[in-house]
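Quick notes on the structure that follows.
The values are calculated or read from the model by the stated rules, or taken from the named source; none is laboratory data. On a predicted model such as this, the values are computed, not experimentally measured, just so you know. We place every Cβ from the backbone using ideal geometry, glycine too, and count neighbours over all the protein chains shown. Heads up: the accessible areas ignore ligands, DNA and RNA and are worked out on the full protein's heavy atoms, side chains in. Shrake-Rupley method; radii C 1.70, N 1.55, O 1.52, S 1.80 Å.
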Amino acid sequence: MEKNNLTKKELSKALLDVRKAYRLLFEHQSRIIQLIEYIKDAYGMKGDGGNKFFSDPLWSKKNDYPQLWTKSGMWAWDFFYSYLFEFYFGYDECKTDRNKEFSMSVVEVCDTGYWDSTNIEKVHDRINTFAPEEDSSSCLIFVFECIDKSKKQYHWESKEKLGEELYRFLSSGEKQYIYDTRGNNSFILVRFDMADFINHQAVNKILSEFHNLVEQKTGVQLLVRDLD
């Protein structure tokens, strides 16, 4: 346990801030969940599930009690799933070309401080090596891939591969990345600042923009209904 010089009064004040932070995070994550459901519905995607990145997930135990494994040496990040989390939307057949199928996810990135840091010695579990909060951002990354059904060759074929692409993309500072993969497939990453999803009209504008980009690049029409 790390040594500190806090007084009990200072620690009590810090714990008050922690309680406030948890309730603020509840409000934030509730909004993200509602937003994800809206995007899935607008694009007609049915998949559920996701992947935790940046640190290890908590694993279920086979016996009834306790429910989860904990172990020595765990990071605090292991308990914070939404720091970098993929919401997987599943895959579907392209309506305009039955020979193609596509898959999609939206990745929640609550803090880009690790990737924005210029510290060559930055590490995941030392937040003092991250970029300052004011110089970092929060974003959603839309992930899309369209493939030839007969070849079944996804560029984004595993959690590990997506993790590599996300780390590279976030470290680059780019807003958009389009990679023409083998077999004339397209792998697309687009980054949107979370603050851009400020209201209903702004969300619809972003969904339309991404729809247009995907359609222009792949012919896939994501939107399955008019946006009100």
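Of all residues in segment 206-227, those being free of Cβ contacts under 8 Å to residues at least 12 places away in the same chain and in a loop (DSSP other than H, G, I, E, B) number 1.
Name the single residue, out of those in segment 30-66 being among the polar types (S, T, N, Q) and over 19 Å from F142 (Cβ atoms), that is surrounded by the fewest Cβ atoms within 10 Å (Cβ to Cβ).
Here is the first cut: in segment 30-66, the ones among the polar types (S, T, N, Q) are 30, 34, 51, 55, 60, 63.
The next check asks that each one be over 19 Å from F142 (Cβ atoms); those that pass are 30, 55, 60, 63.
On the way: S30: 10, S55: 17, S60: 10, N63: 7.
Among those that are among the polar types (S, T, N, Q) and over 19 Å from F142 (Cβ atoms), it is N63.
For segment 201-228, the set of residues classified as acidic (D, E) and surrounded by 14 or more Cβ atoms within 10 Å (Cβ to Cβ) consists of E215 only.
Determine whether S12 is part of a helix (DSSP H, G or I), within 17 Å of the chain's Cα centre (by Cα), more than 29 Å from K149 (Cβ to Cβ) and without any contact (Cβ under 8 Å) to a residue 12 or more places away in the chain.
On the way: part of a helix (DSSP H, G or I): yes; within 17 Å of the chain's Cα centre (by Cα): no; more than 29 Å from K149 (Cβ to Cβ): yes; without any contact (Cβ under 8 Å) to a residue 12 or more places away in the chain: yes.
It is false that S12 is part of a helix (DSSP H, G or I), within 17 Å of the chain's Cα centre (by Cα), more than 29 Å from K149 (Cβ to Cβ) and without any contact (Cβ under 8 Å) to a residue 12 or more places away in the chain.
Contact map, segment 45-67: residues that are in a loop (DSSP other than H, G, I, E, B) and modelled with pLDDT of 85 or more paired with residues that are surrounded by 10 or more Cβ atoms within 10 Å (Cβ to Cβ) and of a type in the set (D, E), Cβ distance under 7 Å, separation 6+ or inter-chain. Pairs shown: M45/D92; F53/E86; S55/D78; D56/D78; L58/D78.
For segment 150-167, enumerate the residues that are free of Cβ contacts under 8 Å to residues at least 40 places away in the same chain and surrounded by fewer than 17 Cβ atoms within 10 Å (Cβ to Cβ). Don't jump to the end; show me each part of the working.
Taking segment 150-167 as the starting set, the residues that turn out to be free of Cβ contacts under 8 Å to residues at least 40 places away in the same chain are 151-153, 155, 157-158, 160-161, 164-165.
Those that are free of Cβ contacts under 8 Å to residues at least 40 places away in the same chain and surrounded by fewer than 17 Cβ atoms within 10 Å (Cβ to Cβ): K151, K152, Q153, E157, S158, E160, K161, E164.
As for segment 69-77, it holds at least one residue that is touching an Asp or Glu at 6+ places or on another chain (Cβ under 8 Å), open to solvent by 70 Å² or more (accessible area, probe 1.4 Å) and not in a helix (DSSP H, G or I). Residues E121, E145: which one is in contact with a His (Cβ under 8 Å, 6 or more places away or on another chain) and over 17 Å from F85 (Cβ atoms)? The conditions single out E145.
Criterion applied to I147, I178, I127 was being surrounded by 13 or more Cβ atoms within 10 Å (Cβ to Cβ), touching a helix residue (DSSP H, G or I) at 6+ places or on another chain (Cβ under 8 Å), of a type in the set (A, V, I, L, M, F, W, C) and without any contact (Cβ under 8 Å) to a residue 24 or more places away in the chain, and the one residue passing it is I127. For segment 94-109, the candidate set comprises residues that are without any contact (Cβ under 8 Å) to a residue 60 or more places away in the chain and over 17 Å from I188 (Cβ atoms); within that set, the residue that is surrounded by the most Cβ atoms within 10 Å (Cβ to Cβ) is N99.
Selection of first residues in segment 190-203 that are modelled with pLDDT of 95 or more and of second residues that are in a strand (DSSP E or B) and among the β-branched types (V, I, T), restricted to Cβ pairs under 8 Å at least 6 apart or on distinct chains, gives the following pairs, ordered by first then second residue: V190/I141; R191/I141; F192/I141. Of the numbered criteria (1) under 25 Å from F144 (Cα atoms); (2) part of a helix (DSSP H, G or I); (3) of a type in the set (F, W, Y), the one F87 fails is (2).
Taking the condition farther than 22 Å from I32 by Cα and aliphatic (A, V, I, L, M), does I198 pass?
Details: farther than 22 Å from I32 by Cα: no; aliphatic (A, V, I, L, M): yes.
Against the criterion (farther than 22 Å from I32 by Cα and aliphatic (A, V, I, L, M)), I198 does not qualify.
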